[in-house]
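Reviewing the structure listed below.
The values are calculated or read from the model by the stated rules, or taken from the named source; none is laboratory data. Predicted, not measured: the structure shown is a model, and the values here were computed from it. Note that each Cβ is placed from the backbone with ideal geometry, even for glycine, and that neighbours are counted across all protein chains shown. With ligands, DNA and RNA removed, areas are computed over all heavy atoms of the protein, side chains included. Shrake-Rupley method; radii C 1.70, N 1.55, O 1.52, S 1.80 Å.
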Amino acid sequence: ENTIKTTSFGKGILNIVGKDSTWSMNFSARMQILSSSTWHSVDDKLSNPTQDFLVRRSRLKFKGFVYSPKLTYKMEIGLSNRDISGGSQFTGDTPRYIYDAVIMWNFYKNFSFWAGQTKLPGNVERVISSGNMQFVDRSLLNSNFNIDRDMGIQLRNHFTVGKEFLIRQKLAISQGEGRNVTTGNLGGHQYSSRIELLPFGEFTNNGDYSGGDLDREITPKLSLASTYDFNNNAVKTRSNQGSYMYNDVGFYETNIKTLFVDAVFKYKGLSFMGEYVDRTASNPFAKNSDGTLTGDVVEVGKAYNVQTGYLFKNNYEIATRYTQINLDKSITGKDLQKQVTVGLSKYIVGHKLKIQSDLSYL
């Protein structure tokens with residue numbers, strides 16, 4: 001017989017533990033329903049709104065250990081149309097159901113080895129789960145520059161200096177073309193490294209990777225971090241994201257480098273997150289074998305995003321965000337974008353049951 005335990009709300013649907021304690025599984029499900037309206041300004045007059053109502057996300061997640069608590073796993077599957085979109089010849093012309101399929105082996109002290117498909121150690125906003133966001137959705141910085149998920153291996157380590165100064169190190173080698181690719185590697189591989197400095201120790205409940213200060217930190221908590229990502233001979237317009245750059249002999253290849261710097265601060269309901277990103281390419285103009293331009297370009301440029309919020313004791317939160325996207329217009333042809341967002345959230349059971357709204361001006 002196996003031990004099956006029900007859980008409290010927000011901790012998964014159930015926990016299953018093998019009778020001999022050689023395996024476990026926690027199963028959970030979540031959904032996010034989104035309604036949105038968009039107005040365009042034409043000659044200083046607002047157009048009629050474009051309105052949408054959709055299942056933004058619908059996910060199933062499985063996690064646990066096998067053989068030993070030091071050998072854990074995570075699987076996450078997407079079911080909504082937005083979750084599984086993006087299928088192409090590179091994914092076997094099938095929907096992209098799988099988000100995470102990764103094993104994690106704590107093989108020595110604070111060292112862990114990961115293998116499979118999961119999020120790369122990129123900007124903090126991207127690694128924060130879509131179920132734990134401070135706003136209705138992530139910023140324009142994230143949609144333009146994030147390195148998302150990929151398939152490969154990771155090595156992670158952490159150690160403490162003095163009484164509480166925590167340092168985390170994360171290294172990844174991946175295929176370099178995003179999740180669920182079945183056609184094998186094109187071009188080179190992707191190399192990611194991240195370092196995180198937490199001078200006042202760990203956040204409560206991993207709060208540096210959760211939007212807002214729902215735990216109301218009783219002492220100040222700070223994370224300062226940076227990621228450097230190098231995609232060798234990349235074949236897509238946004239490192240491992242974007243579209244493939246075809247040419248007359250197959251695919252155009254160029255080295256793409258992405259630098260992220262981010263910070264998170266929380267104290268007594270007050271939260272702050274700031275991000276900066278800079279993407280460059282060895283040669284951003286895609287070319288054919290004879291040197292003529294194909295029309296594709298690498299989306300190089302810079303961006304920053306800052307957001308802050310305050311959680312009241314009645315679990316209402318007000319938050320604001322400012323994002324600036326500065327893609328290189330001489331290459332991409334795109335103008336500078338600035339967006340201001342104001343949000344209001346009501347947390348009923350933390351991030352597990354909440355109502356969020358925001359208003360943006362772009």
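Numbers below:
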item	result
Subset of segment 180-189 (residues that are touching a helix residue (DSSP H, G or I) at 6+ places or on another chain (Cβ under 9 Å) and either among the aliphatic types (A, V, I, L, M) or surrounded by 21 or more Cβ atoms within 10 Å (Cβ to Cβ) (or both))	N180, V181, L186
Y276 being in contact with a strand residue (DSSP E or B) (Cβ under 9 Å, 6 or more places away or on another chain), within 30 Å of L311 (Cβ to Cβ), open to solvent by 10 Å² or more (accessible area, probe 1.4 Å) and at pLDDT 95 or above	yes
Among (1) in a strand (DSSP E or B); (2) open to solvent by 60 Å² or more (accessible area, probe 1.4 Å); (3) hydroxyl-bearing (S, T, Y) - the single one S192 does not satisfy	(2)
Matching strands (runs of 3 or more DSSP E) fully within segment 291-362 where at least 3 residues are farther than 25 Å from D278 by Cβ and open to solvent by 60 Å² or more (accessible area, probe 1.4 Å)	337-349, 353-361
Answer residue from segment 80-129, given it is among the acidic types (D, E) and not in a strand (DSSP E or B) and is surrounded by the fewest Cβ atoms within 10 Å (Cβ to Cβ) among those	D93
Count - residues of segment 1-40 that are at pLDDT below 90 and closer than 30 Å to F135 by Cβ	7
Residues being without any contact (Cβ under 8 Å) to a residue 12 or more places away in the chain and over 23 Å from S360 (Cα atoms) - total across segment 16-47	2
Unique match (being open to solvent by 60 Å² or more (accessible area, probe 1.4 Å), out of contact with any Lys or Arg (no Cβ under 8 Å at 6 or more places or on another chain) and among the aromatic types (F, W, Y)) among F285, F251, F265	F285
Where a residue in segment 76-99 is farther than 24 Å from N26 by Cβ and its partner, wherever it lies, is open to solvent by 40 Å² or more (accessible area, probe 1.4 Å) and part of a strand (DSSP E or B), with Cβ under 8 Å and at least six apart	N81/L54; N81/V55; R82/L54; R82/V55
Close pairs (8 angstrom Cβ cut-off, 6 or more residues apart or separate chains): free of Cβ contacts under 8 Å to residues at least 24 places away in the same chain in segment 185-203, surrounded by 15 or more Cβ atoms within 10 Å (Cβ to Cβ) anywhere	N185/Q175; N185/G176; N185/E177
Residue check, A225 open to solvent by less than 20 Å² (accessible area, probe 1.4 Å), in contact (Cβ under 8 Å) with a residue 12 or more places away in the chain and farther than 30 Å from G86 by Cα	yes
Checking N15 against (1) farther than 21 Å from I98 by Cα; (2) in contact with a Leu (Cβ under 7 Å, 6 or more places away or on another chain); (3) of a type in the set (S, T, N, Q), the condition it does not meet	(2)
Members of segment 68-92 that are farther than 20 Å from E177 by Cβ, of a type in the set (V, I, T) and out of contact with any Asp or Glu (no Cβ under 9 Å at 6 or more places or on another chain)	T72
Qualifying residues in segment 195-210 (those that are assigned to a loop (DSSP other than H, G, I, E, B) and of a type in the set (A, V, I, L, M, F, W, C)) - the one least open to solvent (accessible area, probe 1.4 Å)	F203
